[in-house]
Amino acid sequence: MAGLKLDLRHGRVEMSHGSGGRAMAQLIDELFAKRLANDYLAQGDDGALLPAVPGRLVVSTDSHVVSPLFFPGGDIGSLAVHGTVNDVAMMGARPLYLAAAFILEEGFPLADLERIVESMAAAARRAGVQIVAGDTKVVEKGKGDGVFITTTGFGVARDGVTLSGRNARPGDAILLSGSIGEHGMAILAQREGFAFDAPLVSDSAALNGLVEVMLDSGAELRALRDPTRGGLATTLNELARQSAVGMLLDETAIPIQPAVAAACEFLGLDPCYMANEGKLVALCAAPDAKRLLAAMRGHPLGQNAAIIGQVIEDSHTFVQMRTRLGGRRILDWLNGEPLPRIC
Amino acid sequence: MKYIDEFRDGELARHLAATIAGEARAGGEYRLMEFCGGHTHAISRYGLADLLPPAINMIHGPGCPVCVLPIGRIDQAIRLALEQRVTLCSYGDCLRVPASDGLSLLKARAQGADLRMVYSVSDALELARNNPQRQVVFLAIGFETTTPPTAVAIRQADALGVNNFSVLCNHVLTPAAMRAILAHPTGARLHGFVGPAHVSTVIGSRPYETFASDYGKPVVIAGFEPLDLLQAILMLLRQINGGRAEVENEFTRAVTRDGNRKAQAAMDEVFELRDSFEWRGLGSIPHSALKLRPRYAGFDAETRFGLDYRAVADSKGCECGAILRGEKRPQQCRIFGTACTPEHPVGSCMVSAEGACAAHYLYGRFRDTPAMAAEGA
Ligand code: SF4
């Protein structure tokens, strides 16, 4: 059997693909190694031996589960690369390497797995990182959801730059790199089968290039964070709590695509709680805000960047928002799961 | 947010707010109740309080379906699910309403109740048809907006001969609750009502006429958009200043005097008035709720499962009653924001974002802190 090539058209993941035997070696060789090829992975040992990094090492890890696995604007493969690359970048670091662990469900089509691995390889190439170590396990049918991918990222922090959510000070400017809610709405629309006039496409993207130009701008950055699960509202509340400050946002300054706004309006959802996978929030010293904004807008992923508010003194750590009508309200933590309204 | 007409919205809102401020009598007080939870939510969500002059006092009404359901009714549903082992279908909002013995429908599910969250009554009917061996009960709640769909589902179940489907009916009536608030001895002394949007599309504006003619209270029916609300407030102000009490309709794009006759006919065919129904906060109100007509009694879960109703007092320290009557504000409840939060609601007003307490907690509680209040709008 081992002499035959892997049937990528019709084949499916079998328990033997995770058993450590020849089937597993074949899967790794023919499906993974070929597409993710680099010198470190080619070492073929239990771990990758990497050269010394020139500076402080940043490590971040994240497990990716998404349903559906393929969605407009990406798939679980590209998402697993972008998510971890972005977490490393948010530390003011240059991402260098990724390690990836796959949990595959028995019966999962190899053709889909191939698409996912190819998408990972492409995403890694675009982001300028190498996938240097990996692992696969197979679980029985019904015990997984197709594919789960855990990625761990390694990067090197820029000299002299220390970013942290604890750094915010009253007066700091709050910047957002672009329009919100696109990933969350794209997933929801695909999963629930909602059809809207305008297509909803995930914003999944690697942000390390954008972070580079932001660091290069010389602006005094305090913190960077990507507003993924829980959306912009959750990220800002986390930052406010970490730094024991309040925030005051201007609702009309927050960029949002008309298609996302319309879909949210229709479903009674607040885009501030919808996930993003290619956006970042930056806190910076107020005098540098304009300079930082200009740098962000000069990068393709920051074209629609905006200053959306400022950090204020508030021992209650409320994130407040001036609404489009001119009133004020809290933008609270997400409370429980959003439930449909009936009235 | 970049909604298409955000700038127009903001400008119009400022203009309306300035007109309201200009016409409100200095030192006067206008106590206006927005009956409906949808309006309560919009007022909080858009921070309208900041746009209104201090003379305008918006009082949150009881038009939040889960808020007015007394504990005894949730208990009934829980007993049905736990003791009679039925499949209980409910709207999402009901699941976290606190009931007796520290239970809620969600906690009953953890104890083994077969509880399903549905988006509409037709989902429940379909579940019944697909599971003929299960007794499926729909926990029906809501004002006149959600009643017609329940009526239609019951008629359908009847036509199809679905005999494992029934409804635990808690549908209540808006005008009866408004009357009860005006008649309540300690109730809020109101100067006028902002009338409901969706409810009025069904019942029309005619049922409110008695509040103008017999109680001397102006009513302005308003849509759900914040600008609708500001416009309705201005219309109320003008009636009050002019010494008028009329029913006016700001929401003419959806509401007529007679309402939706077809929906009314469907309700009338399936439901009849209950002699009396207990509301949280308002007590037992005669002719304020609906039950199934004898012709459809087979679909009435109370009859089918021989349920009795046991009234249960609200939990100690809970001020939901006073809040639903418009006598108190959420922040006047001693446990607001401490023992009672949206994650751990003690009273029903903290459950749905349309409840007065939840709306204030989620959007407005920064106003309770001295520094923020001093800073002003
Ligand atoms: S804070 Fe809680 S207990 Fe108090 S009135 Fe509101 S809902 Fe009821």
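The values are calculated or read from the model by the stated rules, or taken from the named source; none is laboratory data. A quick note: this is a predicted structure, and the numbers were derived from the prediction, not measured. Every residue, glycine as well, gets a Cβ built from its backbone with ideal geometry; the counts of neighbours run over all protein chains shown. Side chains included, ligands, DNA and RNA excluded: accessible areas come from the protein's heavy atoms. Shrake-Rupley method; radii C 1.70, N 1.55, O 1.52, S 1.80 Å.
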Check: Of (1) at pLDDT 95 or above; (2) open to solvent by 10 Å² or more (accessible area, probe 1.4 Å); (3) within 17 Å of B:HIS41 (Cα to Cα), A:ALA295 satisfies all except one. Which?
Finding: (3)
Margin query: Being of a type in the set (Asp, Glu), open to solvent by 30 Å² or more (accessible area, probe 1.4 Å) and over 23 Å from A:GLY128 (Cβ atoms) is true for just one of A:GLU238, A:GLU182, A:GLU212. Which residue is that?
Written below: A:GLU238
Margin query: Out of the residues in region B:296-306 meeting the condition of being of a type outside the set (Asp, Glu) and open to solvent by 30 Å² or more (accessible area, probe 1.4 Å), tell me which one is nearest to the ligand (Cβ to nearest atom).
Written below: B:PHE305
Check: Which one of these is out of contact with any Pro (no Cβ under 7 Å at 6 or more places or on another chain) and either facing chain A (nearest Cβ under 10 Å) or open to solvent by 30 Å² or more (accessible area, probe 1.4 Å) (or both): B:ALA77, B:ALA110?
Finding: B:ALA110
Next item on the list: Tell me, please, whether a residue that is aliphatic (A, V, I, L, M) and within 13 Å of A:ILE307 (Cβ to Cβ) can be found in region A:262-274.
Entry: no
Checklist line | Test for B:ALA140: is it within 11 Å of another protein chain (Cβ to nearest Cβ), small (Gly, Ala, Ser) and open to solvent by less than 10 Å² (accessible area, probe 1.4 Å) | finding: yes
Margin query: With the requirement that a residue be in contact with a Phe, Trp or Tyr (Cβ under 8 Å, 6 or more places away or on another chain), surrounded by fewer than 24 Cβ atoms within 10 Å (Cβ to Cβ) and part of a helix (DSSP H, G or I), what does region B:43-72 give you?
Written below: B:ARG45, B:GLY72
Notebook entry, point to check: Among the residues of region B:114-142, which ones are modelled with pLDDT under 95 and part of a loop (DSSP other than H, G, I, E, B)?
Noted result: B:VAL118, B:TYR119, B:SER120
Notebook entry, point to check: A:PRO258 versus (1) under 20 Å from A:SER164 (Cα atoms); (2) within 13 Å of chain B (Cβ to nearest Cβ): which is the lone unmet condition?
Noted result: (1)
Next item on the list: Filter region B:77-124 down to residues that are among the charged types (D, E, K, R) and under 23 Å from the mean Cα position of the chain (by Cα), then give me how many there are.
Entry: 4
Note to self: Going through A:ALA233, A:ALA189, A:ALA261 one at a time, which residue ends up being under 23 Å from the mean Cα position of the chain (by Cα) and closer than 23 Å to A:SER78 by Cβ?
What the structure shows: A:ALA189
Margin query: Can you tell me how many residues within region B:352-370 are among the aliphatic types (A, V, I, L, M) and within 8 Å of the ligand (Cβ to nearest atom)?
Written below: 2
Notebook entry, point to check: Which one of these does B:LEU32 not meet: (1) within 23 Å of B:GLU327 (Cα to Cα); (2) at pLDDT below 95?
Noted result: (2)
Item checked: Extreme residue, modelled with the highest pLDDT, among residues of region B:204-227 that are open to solvent by 10 Å² or more (accessible area, probe 1.4 Å) and within 14 Å of chain A (Cβ to nearest Cβ) -> B:LEU227
Notebook entry, point to check: If a residue has to be modelled with pLDDT of 90 or more and either in a helix (DSSP H, G or I) or open to solvent by 50 Å² or more (accessible area, probe 1.4 Å) (or both) to count, how many in region A:40-51 make the cut?
Noted result: 4
Check: Can you tell me which residues in region B:309-340 are among the polar types (S, T, N, Q) and near the ligand (Cβ under 8 Å from one of its atoms)?
Finding: B:SER315
Notebook entry, point to check: Would you say A:GLY107 is on the phi > 0 side of the Ramachandran plot and surrounded by 22 or more Cβ atoms within 10 Å (Cβ to Cβ)?
Noted result: no
Note to self: Between A:ALA25, A:ALA99, A:ALA93, which is closer than 15 Å to A:ILE149 by Cβ and out of contact with any helix residue (DSSP H, G or I) (no Cβ under 7 Å at 6 or more places or on another chain)?
What the structure shows: A:ALA99
Margin query: Out of B:LEU12, B:LEU82, I need the residue that is open to solvent by 10 Å² or more (accessible area, probe 1.4 Å), assigned to a helix (DSSP H, G or I) and farther than 30 Å from B:PHE165 by Cα. Which one?
Written below: B:LEU12
Notebook entry, point to check: Is at least one residue of region B:17-25 within 30 Å of B:ASP300 (Cα to Cα), in contact with a Lys or Arg (Cβ under 8 Å, 6 or more places away or on another chain) and open to solvent by 10 Å² or more (accessible area, probe 1.4 Å)?
Noted result: no
Notebook entry, point to check: Does region B:278-295 include one or more residues that are under 30 Å from B:GLN156 (Cα atoms), of a type in the set (D, E, K, R) and under 19 Å from the mean Cα position of the chain (by Cα)?
Noted result: yes
Checklist line | Members of region A:129-142 found to be open to solvent by 70 Å² or more (accessible area, probe 1.4 Å) and farther than 30 Å from A:ASP45 by Cβ, listed by number | finding: A:LYS141
Check: Only one of (1) away from every other protein chain (no Cβ under 14 Å); (2) in contact with a Gly (Cβ under 7 Å, 6 or more places away or on another chain); (3) within 25 Å of A:ALA219 (Cα to Cα) is not met by A:ASP250, so which one is it?
Finding: (1)
Margin query: Take residues that are within 14 Å of chain A (Cβ to nearest Cβ) and tell me which of the helices (runs of 4 or more DSSP H) falling wholly in region B:289-377 contain 1 or more.
Written below: B:356-359, B:370-375
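Condition check ((1) within 16 Å of A:ALA89 (Cα to Cα); (2) touching a strand residue (DSSP E or B) at 6+ places or on another chain (Cβ under 7 Å)) across all residues:
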residue: A:LEU188; (1), (2): no, no
residue: A:GLU192; (1), (2): no, no
residue: A:VAL211; (1), (2): yes, yes
residue: A:LEU221; (1), (2): yes, yes
residue: A:ARG241; (1), (2): no, no
residue: A:LEU249; (1), (2): no, yes
residue: A:THR252; (1), (2): no, no
residue: A:ASN304; (1), (2): no, no
